[in-house]
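The values are calculated or read from the model by the stated rules, or taken from the named source; none is laboratory data. Because the structure is a prediction, the values reported are computed rather than measured. Virtual Cβ from ideal backbone geometry, glycine too; neighbours counted across all protein chains shown. Remember, those area values only see protein heavy atoms, side chains included, never the ligands or the DNA or RNA. Shrake-Rupley method; radii C 1.70, N 1.55, O 1.52, S 1.80 Å.
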There are 2 protein chains.
Amino acid sequence: MDTIILRGDICFTPDKDHLETHPDSYLVFENGICRGIFSKLPEKYACIHVKDYKGHLIIPGMVDLHIHAPQFAFRGMGMDYELLTWLKNRTFPEEAKYADTEYAALAYGMFADQMKKSATTHAVIFGTIHREATLMLMDMMENTGLTSYVGKVNMDRDAPVELLESGAREGAADTISFINESLRRGYKKTKPILTPRFIPCCTDELLRELSKVRIQYDLPVQSHLSENPGEVELVKKLMPQAKFYADAYDRFGLFGKQAKTVMAHCVYSTGEEIERIKENGVWIAHCPSSNVNLSSGIAPVRKYIENGIRMGLGSDVAGGQTESIFRAITDTIGVSKLYWRYIDADAKPITFSESFYLATKGGGSFFGKVGSFEEGYEMSVVVLDDSVIPHPQQLSLEERVERSVYLGVDVRGIRAKLCI
Amino acid sequence: MDTIILRGDICFTPDKDHLETHPDSYLVFENGICRGIFSKLPEKYACIHVKDYKGHLIIPGMVDLHIHAPQFAFRGMGMDYELLTWLKNRTFPEEAKYADTEYAALAYGMFADQMKKSATTHAVIFGTIHREATLMLMDMMENTGLTSYVGKVNMDRDAPVELLESGAREGAADTISFINESLRRGYKKTKPILTPRFIPCCTDELLRELSKVRIQYDLPVQSHLSENPGEVELVKKLMPQAKFYADAYDRFGLFGKQAKTVMAHCVYSTGEEIERIKENGVWIAHCPSSNVNLSSGIAPVRKYIENGIRMGLGSDVAGGQTESIFRAITDTIGVSKLYWRYIDADAKPITFSESFYLATKGGGSFFGKVGSFEEGYEMSVVVLDDSVIPHPQQLSLEERVERSVYLGVDVRGIRAKLCI
């Protein structure tokens, strides 16, 4: 039996409405599974070495449901563009570089290094269309200690030719090679995920082929949905037979139900689409930083919460300028306040505990029992030394956590990260 | 003649519409005044030692037109409140502590230390109502090397009794003592500024008394204006004779013209008020982070720019969670995109160069010829080592500056700060 015991100031959100706090307590994991929090250590653990983080914060690892590894290199640049222009001027030229495995090694090395340093323990990641580079990314992610899904991107229209599959069948075949090779490499923490970029870049034929691949390998799916008005209009034109944007994926079996699916954004999802998201059990990756930077808008997160929709947060680098999920937590709160102020006075702003919940247990559910310190949850822990930012007064544990997230203590205060 | 020469990658915004860049060039100051930028150093400077920052970015220091020093201690906490509740529950209880000079020494020490480390070279600062603590803050600011205006706050209603002047005349008398003592201390870079908190906390009588003090000492003025709908309504009730919120200050000679004045926020300023701001030459301190955190809204910055209104940025700690003006630059851009998307499709989003301009030359104009590297401007320089965040590709100088601001290189990449 492998038992790990941590001592410190413990905080997590078993439900969305409050932070549960345990000052100076012990958090116990047996074989990577949480066995409880104790203010005094039970006798049976007396002989176990305690990892002593007294005075430090112990919180669940952050979950990033949506991040583009190849965009990490140009985060924080070209931010004066809107989505479709930004894709054309910034994203596609950069992603084309990943045909060169030497460049990919350099750039993905920096990405993986930063993910390792970050407070993120679980991530759902876009690669590029390139099989070799994406496998290299998986090798690197496996070494970071994070748990991740990584997808070779599929696209066969509406992008520079060097970023397109040579055909729908060829794209599917290449994806199968990618999946087989990724399985052959026997990763413990890194799994492939089916990744049609988004409807504007995928023909019906490609989606049909990918649907077969999905069934064959029982893969999860990630893509983008209803991010930007221009994109939503484009999808209507490209697939007039779809009742709404989500239906365009669902027609091909790439939208929830058997296919565990996460869709980024959902800024412009309404009535029927929201219903479909719920019915099909799709996760939403809410990416507020990106939705602001690319002038997309504000997703109706309160409505999604009230509808009981599965949801977590995404950094969406490089639409978002940082991989920090702490930043996604505070941006979720910030934009929800503007949504309340300008768009829907009935949509109460998202609270700190709600947003923290989304970043941990909310997104964590995509991975299983992840993102909480309740009994039975998988070990996924970040230890923060929040004293790196001094303060003159006594603070409660709740205040220390809120402050650490708002002031970005993840940048220089991470003392340990532990995962299964 | 005291000549200072810096070598590096120079970037600034002489006008709002573009970043002017000078890769690997020399920036020359004589007696603290800019004498030009040279790609090759002129003969006459041949004997002068060059401060060599080759490969580093050289930009103007950031100007913070609105920050509350006593709120620094609780930044990033209690952010689920809206303005008026937040004042009552968070701000006033903390500000009351500054009656205790020992606490003030500790807390202001941390504030001054961080301001010194930051990219900010010029700041307009609120203290509290307490004379002694505010003088202590001025002592500390003088030692940071920043240029600042610091105000003892005036308030005589609608706050806990320990934060109120004992009367309007007593408040004015105490303010005179504060001014006299601050002048007696002979600071070189730290000046007093008249600081009526805002209309809800100031009776007409107090404003009348302060108006006399202002004239007597020819002081500049700082306050808050049209931040939040609840506050705007309150002002209408409290001073029904004022035609609009700004008029409430102007009736007492505390709104521009002879009184050099900066007003924070102006989220809800409309028609006549905007006219008055312009006519009276008042500076707006745009504080986007705070306006989001406190659910205030989004100021019509594009309209202010088109009207040629004087404007700079404010961190508004602790409405804003950070003193970083880099963050204020990117938040200015971010909220302007949402303003364009949801409120006024004619109000083009603020560009990076426009926002950088506001943070430097825009706000700098409150201090004189500050915030640019044009000839005749005062020395105010920040040197950034942007290599602290690695990247795999070649970047232009413009890209490096945008990236440094978006990724917050001010947190750990500042290599030097030089001011007059």
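Structure values in brief
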read-out: q = 0.13 Å⁻¹: log10 I(q)/I(0) that the Debye formula gives for chain B, counting C-alpha atoms only; value: -1.09
read-out: Angle between chain B longest axis and helix B:204-217 axis [Cα atoms, degrees, rounded to 10]; value: 40 degrees
read-out: At R0 = 35 Å, FRET efficiency that the Cβ-Cβ distance of A:I176 and A:K303 yields, to 0.05; value: 0.35
read-out: Stokes-Einstein diffusion coefficient of region A:316-420, Kirkwood radius over Cα pairs, 25 °C, 0.890 mPa s, in µm²/s; value: 160 µm²/s
read-out: Fraction in percent of alpha-carbon pairs per bin - 5 Å, region A:239-281; value: 6, 24, 36, 26, 8, 0
read-out: Chymotrypsin sites (Phe, Trp or Tyr not before Pro) lying in DSSP loop within region A:327-415, provided at most 12 other Cβ fall within 10 Å; value: none
read-out: Cross-link pairs B:K188/B:K361; A:K278/B:K303; A:K97/A:K117; B:K44/B:K417; B:K188/B:K243 - those with Cα-Cα distance over 32 Å; value: A:K278/B:K303; B:K188/B:K243
read-out: Debye log10 I(q)/I(0) at q = 0.17, 0.19 Å⁻¹ for region B:83-212, Cα point scatterers; value: -0.89, -1.09
read-out: Volume in Å³ per residue [convex hull over Cα atoms, computed for region A:379-420]; value: 69 Å³
read-out: Size of charge dipole - the protein assembly as shown - debye, nearest 20, with Cβ of Lys, Arg +1 and Asp, Glu -1, no other charges; value: 500 debye
read-out: Dipole-positive endmost among A:I59, A:F38, A:L83 within chain A (Cβ charges, Cα centre); value: A:F38
read-out: Label-point separation, B:L106 to A:R184 (7 Å along Cα→Cβ), nm; value: 6.4 nm
read-out: Region B:99-147-region A:99-115 distance, computed between alpha-carbon centres (Å); value: 44 Å
read-out: Taking all pairs of distinct alpha-carbon atoms in region A:353-392, Kirkwood radius in angstrom; value: 11.6 Å
read-out: Per-copy distances of the A:N89 label point, shortest first, in nm (7 angstrom along Cα→Cβ); value: 4.2
read-out: Residues in region B:334-361 that, when all protein chains are in place, have 10 Å² or more less accessible area than the chain alone would give (probe 1.4 Å); value: B:G334, B:K337, B:L338, B:W340, B:R341, B:Y342, B:I343, B:T351, B:F352
read-out: Angstrom value of the Kirkwood radius, inverse mean 1/r, which spans all Cα pairs in region B:273-374; value: 13.7 Å
read-out: Full-stretch length increase - A:E374, A:V388 - with 0.36 nm per residue and alpha-carbon distance subtracted; value: 2.2 nm
read-out: Cα convex hull of region B:182-248 - mean projected area over all directions, nm²; value: 5.3 nm²
read-out: Residues of type aspartates and glutamates that B:K260 reaches as a straight line, Cα spacing below 15 Å, ignoring anything fewer than 8 places off in the same chain; value: B:D218, B:D250, B:E279
read-out: Dipole of the protein assembly as shown, positive direction: furthest Cα of A:T190, B:V213, A:A96, with charges on the beta-carbon; value: A:T190
read-out: Three semi-axes of the equivalent ellipsoid, region B:195-312, Cα gyration tensor, whole Å, largest first; value: 21, 17, 13
read-out: Per residue, in Å², the accessible surface of chain A once ligands and nucleic acids are set aside, probe 1.4 Å; value: 35 Å²
read-out: Net dipole in debye of region A:1-119 [+1 Lys, Arg Cβ; -1 Asp, Glu Cβ; about Cα centre; nearest 20]; value: 240 debye
read-out: Cut-off under 5 Å, modelled amide H: who pairs with B:F12 long-range; value: B:E20
read-out: Once the Cα gyration tensor of region B:57-100 is diagonalised, semi-axes √(5λ) in Å; value: 27, 14, 9
read-out: Drop in accessible area of at least 20 Å² in the complex versus isolated chain, residues of region A:56-100, 1.4 Å probe; value: A:A73, A:R75, A:G76, A:M77, A:M79, A:D80, A:E82, A:R90
read-out: Estimated translational D of region A:1-72 in µm²/s (Stokes, Kirkwood radius over Cα pairs; 20 °C; 1.002 mPa s); value: 155 µm²/s
read-out: Label point distance in nm, B:D204-B:I420, each placed 7 Å from Cα along Cα→Cβ; value: 4.1 nm
read-out: Along each principal axis, Cα extent of region B:149-197, largest first, Å; value: 36, 16, 14
read-out: For A:S39, solvent-accessible area (1.4 Å; no DNA, RNA or ligand), Å²; value: 100 Å²
read-out: At 7 Å out from Cα toward Cβ: B:E279 inter-copy label distances (nm, ascending); value: 6.1
read-out: Chain A: most fluctuating residue of A:S396, A:S336, A:S118 per GNM, C-alpha cutoff 10 Å; value: A:S396
read-out: Calculated P(r) tail over 45 Å for the protein assembly as shown, as whole % of Cα pairs; value: 28 percent
read-out: Residue-span extension gain [B:N89 to B:S166] - 0.36 nm each, minus C-alpha spacing; value: 25.5 nm
read-out: Distances in nm from B:I343 to the matching label points in the other copies, shortest first (labels 7 Å along Cα to Cβ); value: 1.5
read-out: Gap separating the Cα centres of region B:220-248 and region A:377-417, nearest whole Å; value: 39 Å
read-out: Chains B and A together, accessible area buried on both sides, 1.4 angstrom probe, square angstrom; value: 4200 Å²
read-out: Heavy-atom accessible surface of region A:219-296: percent carbon and sulfur, 1.4 Å; value: 52 percent
read-out: Mean projection area, nm², convex hull over Cα of region B:8-119; value: 11.2 nm²
read-out: Cβ charges +1 (Lys, Arg) and -1 (Asp, Glu), total dipole of region A:222-370, debye; value: 300 debye
read-out: Binned Cα-Cα distances of region A:282-331, short to long, each 5 Å bin given as a whole percent; value: 5, 23, 31, 23, 14, 4
read-out: Inter-probe distance in nm under a simple model that places probes 7 Å from Cα toward Cβ, at A:E398 and B:D24; value: 5.7 nm
read-out: Residue (of A:I176, A:P200, B:V388) at the positive-pole extreme of the protein assembly as shown, dipole from beta-carbon charges; value: B:V388
